[in-house]
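**Student:** Here it is, the structure in full.
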Amino acid sequence: MGVVTDRSPKQDRSRATRMRILEAAVECLAEHGWSGTTVAVVCTRAGVSRGAAQHHFRTREELFTAAIAHMAEQWMTTVRDRAKALPRQGPDRTYAVVDMLVAVHTGPLFRAALHLWVAAADEEALRPRVGALESRIGREAHRLAVESLGADESVPGVRETVQATLDMARGLGLANLLSDDSARRARIVRQWSLVLDTVLREEPDAGS
């Protein structure tokens, strides 16, 4: 029993250190990009030694893909929690969900992920990890959007329109990287939510 008691605080400290490293990696990547974000920079931000980082992550590529995956999971959990407080149905619900999905694409997680995606185009060691991560996050984001919207994908066009919503959110996030695009973004979100709500309200074709 004494062994278990001794190990538990160590495990807690190890988990806490890992979380600090992951969060620091996302922050640094968002601020400095791939070329400006070394393991040493992340360690300084996290307040840990390089050895501590290497204990958890053997390579730079492993660290940053793990960081994005961790933050994406946190984001999805947060969005699910926020969705519970949104209007329950109708156009107001659709607008609130679209606005929420677009908002995450203008935040630090998207900026950090974008730097990672761009780096993967040139870094062969990074590409397989990022490709797999992108596919997994894409599937989860689509599932989350369907869940939040209450979308019936058996209706023709619904699946494609939900995916277009996510593609639009990503495009708006890109437009926001160089300048404040909030005024134009607000108009687009309002108009697109009307289009999406019309599609979501269509009844399945009984003859299909």
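The values are calculated or read from the model by the stated rules, or taken from the named source; none is laboratory data. Being a predicted model, the structure only gives us computed values, none of them experimental. All Cβ positions, even for glycine, are placed from backbone atoms using ideal geometry, and neighbour counts span all protein chains on display.
**Student:** Please work out which one of (1) of a type in the set (Lys, Arg); (2) touching a Ser or Thr at 6+ places or on another chain (Cβ under 7 Å); (3) more than 29 Å from Glu23 (Cα to Cα) is the condition Arg129 fails and give its number.
**Tutor:** So Arg129 meets the others, but not (3).
**Student:** Can you confirm whether region 113-125 contains a residue that is within 23 Å of Arg82 (Cβ to Cβ) and assigned to a helix (DSSP H, G or I)?
**Tutor:** Yes; the residues of region 113-125 include at least one that is within 23 Å of Arg82 (Cβ to Cβ) and assigned to a helix (DSSP H, G or I).
**Student:** Can you tell me which residue is nearest to Met71 (Cα to Cα) among those in region 117-132 that are touching a Leu at 6+ places or on another chain (Cβ under 8 Å) and buried (at least 20 other Cβ atoms within 10 Å of the Cβ)?
**Tutor:** By that ranking, first place goes to Val130.
**Student:** When only residues in region 145-164 that are part of a helix (DSSP H, G or I) and either modelled with pLDDT under 90 or among the β-branched types (Val, Ile, Thr) (or both) count, which is surrounded by the most Cβ atoms within 10 Å (Cβ to Cβ)?
**Tutor:** Looking at the filtered set, the residue picked out is Val162.
**Student:** Also: Name the single residue that is surrounded by the most Cβ atoms within 10 Å (Cβ to Cβ) among those in region 70-116 being closer than 17 Å to Gly138 by Cβ and among the aromatic types (Phe, Trp, Tyr).
**Tutor:** Phe110
**Student:** So, in region 36-93, of the ones that are part of a helix (DSSP H, G or I) and of a type in the set (Lys, Arg), which residue ends up nearest to Arg129 (Cα to Cα)?
**Tutor:** Among residues in region 36-93 that are part of a helix (DSSP H, G or I) and of a type in the set (Lys, Arg), the one nearest to Arg129 (Cα to Cα) is Arg60.
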